[in-house]
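See structure below.
Throughout, read-outs are computed from the coordinates displayed, never taken from laboratory work. Note that the structure is a prediction, hence the values are computed from the model and not measured.
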Amino acid sequence: MKWPSRTSEPLVSPALVRVVASVLLVIGIFLIYIAATNYEMLGIWPAILIGFGGVTTSGLAIVSIITADPTWIMLDLILPG
């Protein structure tokens with residue numbers, strides 16, 4: 001049985017990675033907006049946690065858009081927040 005050779009060709013197209021990362025960026029910005037506008041109703045600590053989740057999602061989505069690497073999207077989906 002011959003193992004497949006490791007090539008440098010991507011498994012996922014860079015355009016699809018950028019589309020998924022753009023959706024995650026919109027979700028992250030929405031979470032930041034929710035945390036910033038509803039911190040009196042939610043309380044300071046839940047608002048900070050929701051905002052932190054939005055910041056990490058947005059940051060990893062931006063890095064994934066720039067590099068077109070799906071690893072950053074997977075890292076964002078694995079990390080809590």
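Quick rundown of the values:
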{"read-out": "Percent breakdown of C-alpha pair distances by 10 Å bin, ordered from the shortest bin, for the chain", "value": "19, 38, 23, 12, 5, 2, 0"}
{"read-out": "For the chain: relative contact order, % (alpha-carbon pairs under 8 angstrom, 6 or more apart)", "value": "35 percent"}
{"read-out": "Within the chain, helix-based [θ] at 222 nm, where runs of 4 or more DSSP H residues each add -39,500 (n - 2.57), nearest 500", "value": "-24000 deg cm²/dmol"}
